[in-house]
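**Q** One structure coming up, written as structure tokens, with questions to follow.
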Amino acid sequence: MTEDDRELYDEVERRALFQLPEEEQDEPVDLVHTLREGDLLAPGGARDATLAGYIAMHDRPPAFEGCDGQPYTVDIDTEATNDPDRPFAAFFVFVRWAATGAGIMDHVETGDIAYGPTEAAAREAAMELSLYEIKAELDAAIERKRNDLEG
């Protein structure tokens, strides 16, 4: 690069810093406050902090790294409970992917995590859990499966 080229580059870089359009700044999310208050979808809250919010914002299920270091995605399934007070239960099914993402290697399931009078209501209740709660369920399911295989 010649000296003239370098000077031109420096001038363009300096101007770029002063000619940037004004950015609209979202207020930073106070994660601790948001989690303590339990209202993850409050104004200023993390809109994609629940499963429903994440899917609405990103048009796909979230991916997680399990406590075993493997990649997982989450889905919800439902089943009848034979309990008239809680006729349907929802649970998570975590699909473990190959490290390359090219194929499904295994899966783990949680216990019942939400209930409702209909399958749709149980599924909707599960969709409102936070991604933090879902990650904790994934890790617990991995540990349960590991213990079942060992013992």
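**Q** If you split all Cα-Cα distances of segment 48-151 into 5 Å bins from zero, what percentages do you get per bin, shortest first?
**A** Reading upward from the zero bin: 2, 13, 21, 22, 20, 13, 6, 2, 0.
**Q** Determine, from the Cβ-Cβ distance of I55 and E13 and an R0 of 41 Å, the FRET efficiency 1/(1 + (r/R0)^6), rounded to the nearest 0.05. Before the final figure, lay out the partial values.
**A** Values: r = 40 Å, r/R0 = 0.99.
Approximately 0.50, to the nearest 0.05.
**Q** Here's a follow-up. Run the numbers on segment 48-151 and let me know its relative contact order in percent, using alpha-carbon pairs under 8 Å that are six or more apart. If you can, show how the numbers build up before the last one.
**A** Working: 191 pairs, mean separation 26.6, N = 104.
Taking the mean separation of contacting Cα pairs over the length of segment 48-151, I get 26 percent.
Bear in mind that the values in this text are calculations on the coordinates, not laboratory data. The model shown is predicted, which means the values in this text are computed figures rather than measured ones. For neighbour counting, all protein chains shown are included, and Cβ atoms are generated from backbone atoms with ideal geometry for every residue, glycine included.
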